[in-house]
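K.L.:
Quick one: this structure, given as structure tokens, is what I'll be asking you about.
The values are calculated or read from the model by the stated rules, or taken from the named source; none is laboratory data. Just so you know, these numbers come straight off a predicted model, no measurement behind them. Using ideal geometry, Cβ is built from the backbone for each residue, glycine included, and neighbour counts are taken over all protein chains shown. The protein model used for the area step is the full one, side chains on, heavy atoms only, and it has no ligands, DNA or RNA in it. Shrake-Rupley method; radii C 1.70, N 1.55, O 1.52, S 1.80 Å.
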Amino acid sequence: MSEFIDHRYAKPFGLPNAASATELCDSAFAHLFRRATGKRFVLYLKEVRIGVACRLLRDTDQTVAQIALASGFGSLSNFNRRFLAMKEMTPTAFRRTHPESSNESA
């Protein structure tokens, strides 16, 4: 299931889509997902999306708005709110405190 999420995090989808892909009803999927991961599906999806956003903030010069959309958030305000709640700093502050990865081996 994590592969499913890893390939679709940037698209709008939720628990009903994931449950449908596994041919389970929503409640059965939610129960099995939580038992397997220890997390609710929605929280897991948010963590994946925020993780992608962190990588993009560190490794690219894309704007915060571009990163919000690329990581699967429907709006910049929702992205900023979720990022702040999870990382306890704004995306811009994260970018300042986590400078670009250097490729010194090249």
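K.L.:
Those residues that are in contact with a Cys (Cβ under 7 Å, 6 or more places away or on another chain) and part of a loop (DSSP other than H, G, I, E, B), I need them from region 11-26; list them, please.
P.N.:
Passing the criteria: none in range.
K.L.:
Might you check whether a residue that is in contact with a helix residue (DSSP H, G or I) (Cβ under 6 Å, 6 or more places away or on another chain), without any contact (Cβ under 8 Å) to a residue 24 or more places away in the chain and either of a type in the set (S, T, Y) or at negative phi (or both) occurs anywhere in region 91-106?
P.N.:
There is no residue in region 91-106 that is in contact with a helix residue (DSSP H, G or I) (Cβ under 6 Å, 6 or more places away or on another chain), without any contact (Cβ under 8 Å) to a residue 24 or more places away in the chain and either of a type in the set (S, T, Y) or at negative phi (or both).
K.L.:
State the number of residues belonging to region 1-26 that are surrounded by 13 or more Cβ atoms within 10 Å (Cβ to Cβ) and among the basic types (K, R).
P.N.:
So the count comes out to 1.
K.L.:
Can you tell me how many residues within region 69-87 are in a loop (DSSP other than H, G, I, E, B) and either out of contact with any Lys or Arg (no Cβ under 8 Å at 6 or more places or on another chain) or charged (D, E, K, R) (or both)? Explain how you work it out, then say what you get.
P.N.:
As a first pass, look at region 69-87 and keep what is in a loop (DSSP other than H, G, I, E, B): 71-75.
Filter once more, keeping what is either out of contact with any Lys or Arg (no Cβ under 8 Å at 6 or more places or on another chain) or charged (D, E, K, R) (or both): 74-75.
Qualifying residue count, region 69-87: 2.
K.L.:
Against the condition in contact with a Cys (Cβ under 9 Å, 6 or more places away or on another chain), of a type outside the set (S, T, Y), surrounded by 19 or more Cβ atoms within 10 Å (Cβ to Cβ) and part of a helix (DSSP H, G or I), how does F29 come out, does it pass?
P.N.:
Details: in contact with a Cys (Cβ under 9 Å, 6 or more places away or on another chain): no; of a type outside the set (S, T, Y): yes; surrounded by 19 or more Cβ atoms within 10 Å (Cβ to Cβ): yes; part of a helix (DSSP H, G or I): yes.
No.
K.L.:
Among A53, A85, A68, which is the only one that is open to solvent by 20 Å² or more (accessible area, probe 1.4 Å) and not hydroxyl-bearing (S, T, Y)?
P.N.:
On the way: A53 fails: open to solvent by 20 Å² or more (accessible area, probe 1.4 Å); A68 fails: open to solvent by 20 Å² or more (accessible area, probe 1.4 Å).
The conditions single out A85.
K.L.:
Okay, moving on. Within region 38-68, track down each residue that is free of Cβ contacts under 8 Å to residues at least 24 places away in the same chain and either assigned to a helix (DSSP H, G or I) or in contact with a strand residue (DSSP E or B) (Cβ under 8 Å, 6 or more places away or on another chain) (or both).
P.N.:
Listed by number, the residues that qualify are L43, G51, R55, L56, A65, Q66, A68.
K.L.:
Please determine, by comparing only the residues of region 41-50 that are crowded, with 18+ Cβ neighbours inside 10 Å and charged (D, E, K, R), which one is nearest to the chain's Cα centre (by Cα).
P.N.:
Filtering region 41-50 for residues that are crowded, with 18+ Cβ neighbours inside 10 Å and charged (D, E, K, R), the one nearest to the chain's Cα centre (by Cα) comes out as R49.
K.L.:
G38 - would you say it is over 12 Å from the mean Cα position of the chain (by Cα) and on the phi > 0 side of the Ramachandran plot?
P.N.:
yes
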